[in-house]
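The values are calculated or read from the model by the stated rules, or taken from the named source; none is laboratory data. Quick caveat: nothing in here was measured; it's all calculated off a predicted structure. Here Cβ is always computed from backbone atoms with ideal geometry, including for glycine, and neighbour counts include all displayed protein chains. Protein only, heavy atoms only, side chains kept; ligands, DNA and RNA dropped before computing areas. Shrake-Rupley method; radii C 1.70, N 1.55, O 1.52, S 1.80 Å.
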Amino acid sequence: MPTKPHTFLCLFLCKILFWASMATQKLTEYEIKRLENIRRNDEMLAALQLHAKASLLSNATKRSRDGSAKSYKVSPEKKPKKSETPIVIRRSLRTRGMPPDSNCLDVDSNENSDKATLYQTSINREKPSPCVLGPLKMKDAYDGTGSDREFIDTLLSFERKPKSGVGVKEEFDCFKVVKEEGHDRVLCGPVKRKVESDNLNCGIKIEKREFEGSVDLGSMSLEPENIARIMPGRIMTVIFFPRDDVNIVVAGNKLGNVAFWNVDSEGGKGDGIFLYSPHTGPISGILFQQSCLSKIFTSCYDGYLRLMDAEKEVFDLVHSCDDAIFSLSQHPNDVKSLYFGEGRGGLSVWDDRTGSVSSQWTLHEDRINTIDFNPQNPNIMATSSSDATVCLWDLRKVDAGKPKSLKIVNHERAVHSAYFSPSGSSLASTSFDDTVGILSGVNFEDASRVHHYNQTGRWISSFRATWGWDDSFVYVGNMKRGVDIISPAQRRVIRTLQSPHMTAIPCRFHAHPCRVGMLAGATGGGQVYIWTSS
C-alpha cells in the first residue's frame, strides 16, 4: 500500500512527542528552574558580545612589529662549511682490549683534595690561552649590522676637541669643574662652595661638604625615546660616557658583550647601538682611561683585562690571571693603576707603566664585589664582599702579609656593593639580607639600616644602591619595576620612580657625572632606561 510508509512515519513522530511530554512532566521544579537560568544566562552573554570584545582587546594589546622600537641588531652568522672528516664513533678502552688509563684520576681520586685545588685545576683545564683570545681587532669583535666606522670616529673626535674653559679650580654656575694637574681629569657635580682637594694626613676623618638642593624628584620622567634594548642577556654593569656634550651609555652583560648606545643618534643611522664581543664571560667592570676617553678598560669573569683602543681599533689584552675578576676600579689620583678583585677575596693592583701587577693582598674570605675610593681622601678604600662584610682600608697602611682594615661592617648575608657618597662623608652598602646600610659621621661611626627587599633571584642581577649627584638620595631598583629613592637623613624610602614605559626590573644604575637629573637603569633583559629631569 502506498500510504503505509506515511503511516509508520506518523506513528514514529507521535511516539517521540509522547515521550518528550512525559520527560517534561517528570522534571522537578528545581530542574525546570535550573534550565530556565541556563537559558537566561546564555541570552545575557550573547547580548554582551564578550567574545567579540575580547578579540578586539587582544588585537589592541599586541606588540607593534613595525620596527619602531630601538634594539640592537646582530649580524647573521655564517654557516660553517660541512666538514669532510668522517664521523668517529667513541669506543671505550675495554671494548678495544686496552688497559685503563689512570692519568686523569690524579686529582679526583684523592678524597681529601682541597676544594681550592680542584677549582684551580678546573680553571686551568677550561681556560683558553691568552694568545688565542687577544689582541682582538674591533672589526672581528663587532656583532652589529652595518659598519661601526661612525662610532669609532665619534670616539676619536673627543680627543681632537679642545677642552675649553677648564681651569685648575674653577666653578661654572652650579657645577664644580676640577682639572688635576698632570692627570687631565674632569669632575662635575652640583656644589655650593669650593672644596679643597688636599688629602687628609691621618685616620679616616672626612670633612663634610655643603651641597645645595638636589634634583627635583618630581620632575624626573621616562620618555619612550630614552628606552632601548641594546644587547642580549642580563646586564651586569652600566655607565655613562663622562662628557657633558654627548649622551652615550656603555654596558656589559653576562655573555661577554659590551654595547655602546648613542642616545642622541638619529633613527636613520641604526639607532646608535654598537655591540661588541671582546670577552667570553660576564663583564665585571668598565672604566674610561681618564687621560684619553677613547681608551676603555673592561674586566671579565674569564680572568682577562682588556683595553679598547679606538685609535688602534683593537681590544688589547693587557693582563690575564688564573682566577675570575669580579670587580674593577681606579684610584682617583693614580690613573696608571687599576684595582681589581680576583678569586676568593684577593685584590690586585695592575700598573700600566710596567704592564704587570705591582701589589696583591687577600682582604676578604670570599669574592670582592665592589671597590670604591673616597672622593675627598682617595687613600681610603671601601670593599664589599660575599663574606657579608664591608671593610674600610687605608692604602698607606695595608700590610702585604696581614692586611688590617680600619673598620669592618657586618651584614647577615652577602654584600653586593659599597659606594662612597659624592662628598665622601657617607657610605651606602647593599646586602642580600634585605637592607641598605648607611655609614656616616666623622669616622663613619654612625651606622643605620634601611629595610629594602633585595631578593632578585637567579635571572636578575643583584641590586646595588647608587648615589645620585649629591649626598641627599640613594637610588636602588625594586621588584615592582620601579626605582626606590632612599633618603639617608630620613632613613627610609621617600619616593618611587615609576612609569608605564618600564616593562622590566631595573637592577644596575649610574648617574650621569656631568648632567644632573639623568639616571640610567639596566635590566636583566638587556634594556636600558634613562630617566631625565626637566
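Taking the listed residues Thr430, Thr456, the one that is touching a strand residue (DSSP E or B) at 6+ places or on another chain (Cβ under 6 Å) and either at pLDDT 95 or above or farther than 19 Å from Gly285 by Cα (or both) is Thr430, with no other qualifying.
Taking each residue of the stretch 411-433 that is closer than 16 Å to Ile380 by Cα and open to solvent by 30 Å² or more (accessible area, probe 1.4 Å) and looking for partners that are aromatic (Phe, Trp, Tyr) and not in a strand (DSSP E or B) with beta-carbon atoms closer than 7 Å, six or more apart or interchain, yields Pro422/Trp469. For the stretch 340-371, a residue qualifies if it is free of Cβ contacts under 8 Å to residues at least 40 places away in the same chain, open to solvent by 30 Å² or more (accessible area, probe 1.4 Å) and among the hydrophobic types (A, V, I, L, M, F, W, C), and exactly one does: Val357. Looking only at the stretch 452-498, filter to residues that are among the polar types (S, T, N, Q), farther than 19 Å from Ser533 by Cα and not in a strand (DSSP E or B); which one of those is most open to solvent (accessible area, probe 1.4 Å)? Only one residue fits best here, namely Gln490. When residues in the stretch 362-381 are screened for being in contact with an Asp or Glu (Cβ under 7 Å, 6 or more places away or on another chain) and under 17 Å from Arg344 (Cα atoms), 3 of them pass.
Of all residues in the stretch 376-394, those satisfying the criterion of being on the phi < 0 side of the Ramachandran plot, without any contact (Cβ under 8 Å) to a residue 60 or more places away in the chain and out of contact with any helix residue (DSSP H, G or I) (no Cβ under 7 Å at 6 or more places or on another chain) are Ala382, Thr383, Ser384, Ser385, Ser386, Asp387, Thr389, Val390, Cys391, Trp393. Inside the stretch 289-313, residues that are in a strand (DSSP E or B) and either open to solvent by less than 20 Å² (accessible area, probe 1.4 Å) or not hydrophobic (A, V, I, L, M, F, W, C) (or both) make up a count of 11.
Do we have Gly252 as on the phi > 0 side of the Ramachandran plot and either of a type in the set (A, V, I, L, M) or touching a strand residue (DSSP E or B) at 6+ places or on another chain (Cβ under 6 Å) (or both) here? Criteria not met by Gly252. The selection criterion, being within 21 Å of the chain's Cα centre (by Cα) and within 20 Å of Lys336 (Cα to Cα), does not hold for Leu293. Looking across Thr370, Thr389, Thr362, one residue alone is touching a Gly at 6+ places or on another chain (Cβ under 6 Å) and not hydrophobic (A, V, I, L, M, F, W, C). It is Thr362. The combined condition, being polar (S, T, N, Q), in contact with a Leu (Cβ under 9 Å, 6 or more places away or on another chain), under 28 Å from Pro513 (Cβ atoms) and surrounded by fewer than 18 Cβ atoms within 10 Å (Cβ to Cβ), is not fulfilled by Asn374.
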